[in-house]
Amino acid sequence: MSVILKTNNLIKYYDEKKALDGISIEFEIGKIYGFLGPNGSGKTTFLRACAALIKKHEGEVLIDGLKPGEKTKAIVAYLPDYNYFFDWMKVKDALSFFDDFFEDFDREKSEKLLADMELEHEEKISKLSKGMLARMKLAIILGRKAKLYLLDEPFDGIDGVTREKIIKTMISTFSKESTIIVATHHITYVEKLLDSVKFLYKGKIIDEFDAEDIRRDKGMTINEYYLEEFRDAETD
Amino acid sequence: MLKLIKFKMKQYTRPIGLFSIITILCLPFLARATLFMFPYFSDWVLTVALFILGAYLYMSSYMNAFSLRISFQTEQINFMPDDASNMLMHIPISFKKINLARLIAHIPTIIVAFISFVFLGFFFEKGFYEMEIFCLKSLNFRSYLLIICVYVLYLLLVQFIIVDKKAIMPKFMQKIMGSSFIDYFDKEVVGAAAPAVIVIALLIGIVTALPIIEYITPLQNYLLTIVVVLLSVAFFYLNASLLEKSV
Amino acid sequence: MKYNDREPIYLQIMNDIKYQIVLGNLKADERLLSIKEQSECMGVNPNTIARVYTELERERIVHKEKGLGTFVTSDENVITQLKHEIAEENIKRFVDRMRKIGISKTDMKALLVEYLNRTKKVDEQNEYREG
């Protein structure tokens with residue numbers, strides 16, 4: 001099994017605070033990972049470092065053997081947890097943008113996803129509701145055939161029915177040549193989706209395991225195990 | 001790369017882009033009309049017109065080219081290639097190319113401003129060189145005052161209307177105002193304040209260089225202009241390489 | 001399909017498929033949905049489904065044909081064996097539950113026979129009406 005993403009003692013400071021405290025982990029190709037932890041644990045910072053949006057850090061990040069930069073942006077699809085579209089853009093502008101600047105973008109696929117989620121081309125992105133924006137971002141990002149998908153809180157603002165649709169879309173996007181990393185604190189939504197889980201707490205990895213192993217060995221859901229681990233972590 | 005330039009050029013087709021181009025092209029005519037109503041205030045009218053032109057150039061430079069964002073919370077200088085935490089940072093193109101595309105897309109703005117400038121000179125019966133002298137001479141008093149007023153107004157506006165009562169100002173002003181303001185920042189508006197600081201610094205520089213203008217030949221004047229332009233381009237590329245290193 | 005997140009999902013899906021085979025909903029030699037189709041349909045990780053199919057193949061319940069898909073076994077003996085396994089599980093569950101409420105093995109047998117006799121008459125009446 002080859003490794004698509006590897007970090008070596010990744011440290012990132014914001015002022016005096018250590019957002020990432022020496023993270024050394026690996027992610028393999030062909031798996032769906034849950035990158036789980038409470039708010040403020042450093043999930044977003046980690047993903048941003050992998051997406052080549054943070055360059056000033058200690059330690060190493062390697063994506064398919066490359067340092068984050070121009071080349072990795074072509075194989076990494078990053079979904080931020082905020083609205084990163086230009087405020088003049090309509091949905092069709094976002095489609096064109098991705099079509100123009102990403103070679104691995106499948107416009108037809110995104111169009112179909114947008115239609116599924118009942119989003120119109122002429123709608124102004126800045127006027128979309130929270131739920132519609134979340135759906136739109138996903139419809140666009142899942143149109144890319146990337147090697148690594150970094151999804152930061154993809155389910156925020158999404159209702160149950162749409163969530164099912166999105167999970168199915170993630171599954172259909174997924175292939176043996178790609179990897180999906182889902183960073184979220186909504187663990188119950190992704191129980192059946194994840195192969196493998198990594199727990200992040202205060203910038204440190206506190207646990208890594210396969211989803212089915214927890215079920216087999218502890219008879220717990222991932223969420224239950226998460227609550228237990230983090231309760232312990234809090235009291236440490 | 002071409003697609004990027006095409007993308008940045010789209011700004012001229014959007015309402016604000018079109019509106020500002022039309023306004024600036026009409027500016028000389030508006031100024032001339034104002035002069036007709038107030039014939040004794042020729043210098044003031046021209047100053048205001050030039051000021052508007054300058055503001056236009058400044059704002060579009062900010063939107064197109066400079067977007068300096070100083071995040072005090074993180075104590076990093078992020079030379080972002082664009083405002084809004086922005087899509088261009090996600091695409092697989094180097095920051096140098098992005099900035100070059102932005103520079104090229106900025107050219108129509110400069111051409112429009114230049115045309116306006118020439119027409120202003122025409123209507124106020126000043127040749128190109130005379131206009132330059134006027135600009136620099138006015139700066140030592142009238143425009144300088146106007147710029148300070150607008151900047152203070154802008155900060156007040158920002159303070160009370162735009163960003164939810166958050167105060168945004170450069171460090172030297174923070175020291176004057178007190179540290180309680182330092183807790184609240186908004187990156188977007190800090191980013192807007194920083195170019196203003198740079199512009200003011202430039203203006204002060206020009207003002208202090210003023211005596212020279214009287215004594216140099218037109219040729220030397222043009223050379224000086226070229227030097228300034230080159231410095232701006234150099235700044236632009238400094239922008240790009242600092243961005244690639246320091247973010 | 002409702003799956004319990006406290007037990008390995010692949011095991012639950014495996015048992016489900018075995019059950020469907022015994023019920024006759026999945027016939028001998030029938031082609032199962034592809035891994036992709038099955039995972040999308042269920043909203044479950046494709047690797048989990050892959051594991052299911054691999055384990056089922058190990059147990060000779062299905063077999064993979066390269067390029068064609070995964071098929072239920074054509075061997076009737078295997079299916080009969082499955083039926084017996086499920087029957088045994090059901091019996092085990094019955095016995096455990098009865099034991100829990102304090103019913104002895106002798107009583108269990110007697111109650112079972114009595115129940116079967118009682119319901120036999122109802123079944124026969126139903127068959128008569130349908131026939």
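Side notes on the structure shown:
- Against the list (1) at pLDDT below 95; (2) within 25 Å of C:Gly43 (Cβ to Cβ); (3) within 14 Å of another protein chain (Cβ to nearest Cβ), the condition A:Leu119 fails is (3).
- Count - residues of the stretch A:50-89 that are touching a Gly at 6+ places or on another chain (Cβ under 7 Å) and within 7 Å of another protein chain (Cβ to nearest Cβ): 0
- Matching residues in the stretch A:159-184 - criterion: being within 18 Å of A:Lys130 (Cα to Cα) and open to solvent by 50 Å² or more (accessible area, probe 1.4 Å): A:Asp159, A:Val161, A:Glu164, A:Lys165
Each row is one residue, and each column tells you yes or no for (1) more than 12 Å from chain A (Cβ to nearest Cβ); (2) open to solvent by 40 Å² or more (accessible area, probe 1.4 Å); (3) modelled with pLDDT under 85.
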| site | (1), (2), (3) |
| --- | --- |
| B:Asp43 | yes, yes, yes |
| B:Val48 | yes, yes, yes |
| B:Phe51 | yes, yes, yes |
| B:Ser61 | yes, no, yes |
| B:Ser67 | yes, no, yes |
| B:Leu88 | no, no, yes |
| B:Lys96 | no, yes, yes |
| B:Asn99 | yes, no, yes |
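- Within the stretch C:28-41, the set of residues being in contact with a helix residue (DSSP H, G or I) (Cβ under 8 Å, 6 or more places away or on another chain) and part of a loop (DSSP other than H, G, I, E, B) comprises C:Ala28, C:Leu32, C:Leu33.
- Subset of the stretch A:90-101 [surrounded by 19 or more Cβ atoms within 10 Å (Cβ to Cβ) and more than 7 Å from chain B (Cβ to nearest Cβ)]: A:Val91, A:Ala94, A:Leu95, A:Phe98
- C:Glu30 more than 15 Å from the chain's Cα centre (by Cα), closer than 26 Å to A:Lys168 by Cα and touching a residue at least 24 places away in the same chain (Cβ under 8 Å): yes
- When A:Lys73 is tested against (1) surrounded by 15 or more Cβ atoms within 10 Å (Cβ to Cβ); (2) in contact (Cβ under 8 Å) with a residue 24 or more places away in the chain; (3) within 21 Å of the chain's Cα centre (by Cα), exactly one condition is not met: (2).
- Residue check, C:Val22 closer than 23 Å to A:Ser172 by Cα, open to solvent by less than 50 Å² (accessible area, probe 1.4 Å), more than 10 Å from every other protein chain (Cβ to nearest Cβ) and part of a helix (DSSP H, G or I): no
- Single residue of the stretch C:1-19 satisfying the filter (away from every other protein chain (no Cβ under 14 Å) and open to solvent by less than 70 Å² (accessible area, probe 1.4 Å)) that is nearest to C:Pro46 (Cα to Cα): C:Ile17
- Of all the listed residues (C:Ile79, C:Ile101), the sole one being more than 24 Å from A:Lys168 (Cα to Cα) and either open to solvent by less than 60 Å² (accessible area, probe 1.4 Å) or hydroxyl-bearing (Ser, Thr, Tyr) (or both) is C:Ile79.
- Pairs where the first residue, in the stretch B:117-142, is on the phi < 0 side of the Ramachandran plot and among the basic types (Lys, Arg) and the second is part of a helix (DSSP H, G or I) and at pLDDT 75 or above, C-beta under 6 Å, 6+ apart: B:Arg142/B:Thr47
- Exactly one residue among C:Gln81, C:Gln125 is within 22 Å of C:Gly24 (Cβ to Cβ) and assigned to a helix (DSSP H, G or I), and that residue is C:Gln81.
The values are calculated or read from the model by the stated rules, or taken from the named source; none is laboratory data. This structure is a prediction, so every number in the text was calculated from the model and none was measured. Please note: Cβ atoms are built from the backbone with ideal geometry, for glycine as well, and neighbour counts cover all protein chains shown. Remember, those area values only see protein heavy atoms, side chains included, never the ligands or the DNA or RNA. Shrake-Rupley method; radii C 1.70, N 1.55, O 1.52, S 1.80 Å.
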